[in-house]
Amino acid sequence: MNRATFAAKAYAKVTTMETSVQFEQTYRQLPERFYSNEYAKAASAPSLLAFNEDLAASLGLPKNWIADEEVLALLSGRRQLEDPPPLSMHYAGHQFGHFNPSLGDGRAILIGEIVSPDGRRFDVQLKGSGPTTHSRGGDGLAPLGPVIREYLMSEFMFRVGVPTSRSLAAIATGDSVYRERTEPGGILTRVASSHIRFGTFQYFAARADQDALERLVTYVIDRHYPECAAAEQPALALLEAITLRTARLIAAWQALGFIHGVMNTDNMLICGETIDYGPCALMDTFRADQVFSSIDQGSRYAFHQQPGIGQWNLMALADALLPMIRGDQDTKIALAKGALETYAPAFQAAYAAQTAAKLGLAHEEAPQESESQFQSLLVCMQSNQLDYTQTFIELERGLMEEAPVRESLKPWFDDWLKTLPLDKDSAIRAMRRANPSIIARNHQIEFAIAEAYQKNDLSRFHGLLGAIKTPFDRTHLESPFATPPQPEETVLRTFCGT
Ligand code: AMP
Ligand code: MG
């Protein structure tokens, strides 16, 4: 593996009043059949909804970068980068179990990569900036509602420590988008470690393009998994490394109560970050088989299915990587299977550590029973229709003797007290680090979107955004944003807004 191949070949500079930002495109080192050149559709009257100053700072951009007209123009498609222009990536994917060999970025374009001051490389994409080569009849646009949802959800996920793509800016375009009704349009500036998907490998495997697969493996190892370069079988080591990251990612979702909603292989990133905040939601009342997505008719992506689907998706990835593994057919398959077998124990270990922390135990001191204890808590929550997030807060307050736990939790609570290490204070500290007091609740997101649509009022959006930035802060318990929905407020269905 030659690291020199990674030097950026193509870059465009965005020079604004104060700064000169270099947008590289190392993705162009890959052959032209990996991408298409694209241009954004210019928003007719862009206005800023939100700019993520903290993210900007971590990328080495000025906190007030967006104050520069040129930057708003860039992020709303009014100013085009040239030499090189933006690109859309080619990929395939299993959608609800069915393979589609030609998907690709239909409503997103990569404007370039930024290297942060700490040396990490990030893709910067515009999502909703108009049709591309891959739009397949779609308009390539995004209504403002899904842009607001993604901005809130991705920021929340980041703040609770779940690997995720992030949102740098949300912009209203001033143009209409036609769905079931006319909606205001938006563009989200999305930042991820890269946007290479399981489906990117599947795209070239489906075409039996060995050369492309080889180059992609090299690129991905170089960019995300340099430790695999020295392995005897780099593609196999890569498969195992992606398996581990995916297992950890999904364990974090399960511990948090996050339902992705559309875990197609084109929505799974090789770098192990959460992406594609379409019909996703965080659970209020715990129900293991909860589904929100309006398009998930068969409940394929229900909450309790997610760990198994993660493994299923990795199997699809393994299939695509098989031509890159050396050996006769039986050997290749046995090796790939071996790599996939690391999934279950990695998931289990990560989930056990996170759930033990939620119960006030450091993993090292977690008794063997803590896993079954957690399972029995879930059963108790489900049969009593308890709110997932608030239950842990209730346990914490019970432990602090601030408020007694409800009757239905009492037997479980008493058992738990017996297994806790003597030191209550350290248990409480662990719980405060592991259990958010506020989450980006679905009904609150819907309220924020409704106010933006109906009254052009963003105060609820900004209020909610401000609160979820410090999800472990217990002062939020007084906030209306932290409260579970009233029965009539409960959101039963989410839509991806495509
Ligand atoms: P998703 O399941 O939301 O990730 O989308 C699946 C595929 O449909 C991807 O290739 C998207 O780029 C494409 N797509 C979704 N929405 C649109 C749209 N409004 N216009 C064009 N392509 C879209
Ligand atoms: Mg997608």
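Annotations for the structure displayed:
- Against the numbered list (1) in contact with a helix residue (DSSP H, G or I) (Cβ under 6 Å, 6 or more places away or on another chain); (2) within 11 Å of ligand 1 (Cβ to nearest atom), Ala142 comes up short only at (1).
- Residue count, the range 223-244 (criterion: in contact (Cβ under 8 Å) with a residue 24 or more places away in the chain, open to solvent by 10 Å² or more (accessible area, probe 1.4 Å) and either in contact with a Cys (Cβ under 7 Å, 6 or more places away or on another chain) or within 25 Å of Asp105 (Cα to Cα) (or both)): 3
- Only residues that are closer than 22 Å to Ala288 by Cβ and open to solvent by less than 30 Å² (accessible area, probe 1.4 Å) were counted across the range 324-356, and they come to 8.
- Taken over the range 65-111, the residue count meeting the criterion of being within 13 Å of ligand 1 (Cβ to nearest atom), small (Gly, Ala, Ser) and either out of contact with any Asp or Glu (no Cβ under 6 Å at 6 or more places or on another chain) or in contact (Cβ under 8 Å) with a residue 60 or more places away in the chain (or both) is 6.
- Check on Pro131, in contact (Cβ under 8 Å) with a residue 12 or more places away in the chain, of a type outside the set (Ser, Thr, Tyr) and assigned to a loop (DSSP other than H, G, I, E, B): yes
- The one condition in (1) more than 25 Å from the chain's Cα centre (by Cα); (2) over 30 Å from Val491 (Cα atoms); (3) assigned to a helix (DSSP H, G or I) that Leu361 fails to fulfil: (3)
- Residue within the range 349-365 that is in contact with a His (Cβ under 6 Å, 6 or more places away or on another chain) and either of a type in the set (A, V, I, L, M, F, W, C) or touching a residue at least 12 places away in the same chain (Cβ under 8 Å) (or both) present: yes
- In the range 265-309, of all residues being touching an Asp or Glu at 6+ places or on another chain (Cβ under 9 Å) and charged (D, E, K, R), the one that is farthest from ligand 1 (Cβ to nearest atom) corresponds to Asp284.
- Residues of the range 261-281 classified as away from ligand 2 (no atom under 14 Å from the Cβ) and out of contact with any helix residue (DSSP H, G or I) (no Cβ under 7 Å at 6 or more places or on another chain), total: 0
- Enumeration of residues in the range 253-264 that are away from ligand 1 (no atom under 16 Å from the Cβ) and more than 11 Å from the chain's Cα centre (by Cα): Gln254, Ala255, Leu256, Gly257
- Verdict on Ser102 being of a type in the set (S, T, N, Q), more than 13 Å from ligand 2 (Cβ to nearest atom) and under 30 Å from Asn313 (Cβ atoms): yes
- Residue match in the range 245-252 (condition: within 19 Å of the chain's Cα centre (by Cα), more than 16 Å from ligand 2 (Cβ to nearest atom), open to solvent by 30 Å² or more (accessible area, probe 1.4 Å) and modelled with pLDDT of 95 or more): yes
- Cross-chain or 6+ apart pairs with Cβ under 7 Å, the range 260-281 first and acidic (Asp, Glu) and modelled with pLDDT of 95 or more, then open to solvent by 10 Å² or more (accessible area, probe 1.4 Å) and more than 10 Å from ligand 2 (Cβ to nearest atom): Glu273/Pro163; Glu273/Thr164; Glu273/Ser193
- Where Leu59 falls short, out of the listed (1) more than 22 Å from the chain's Cα centre (by Cα); (2) under 16 Å from Val191 (Cβ atoms); (3) open to solvent by less than 30 Å² (accessible area, probe 1.4 Å): (1)
- Residues of the range 47-93 classified as assigned to a strand (DSSP E or B) and at pLDDT below 95, total: 0
- Flag for Phe96 being within 16 Å of ligand 2 (Cβ to nearest atom), under 29 Å from Arg33 (Cα atoms) and at pLDDT 95 or above: yes
- Members of the range 169-190 found to be away from ligand 1 (no atom under 15 Å from the Cβ) and buried (at least 23 other Cβ atoms within 10 Å of the Cβ), listed by number: Ala169, Ala170, Ile171, Thr189
- Helices (runs of 4 or more DSSP H) completely within the range 139-237 that count 1 or more residues being over 21 Å from the mean Cα position of the chain (by Cα): 198-206, 210-224
- Output for the range 282-309, where each listed residue is within 16 Å of ligand 2 (Cβ to nearest atom) and part of a helix (DSSP H, G or I): Ile309
The values are calculated or read from the model by the stated rules, or taken from the named source; none is laboratory data. The shown structure was predicted, so the numbers you read here are calculated from the model rather than taken from an experiment. For neighbour counting, all protein chains shown are included, and Cβ atoms are generated from backbone atoms with ideal geometry for every residue, glycine included. With ligands, DNA and RNA removed, areas are computed over all heavy atoms of the protein, side chains included. Shrake-Rupley method; radii C 1.70, N 1.55, O 1.52, S 1.80 Å.
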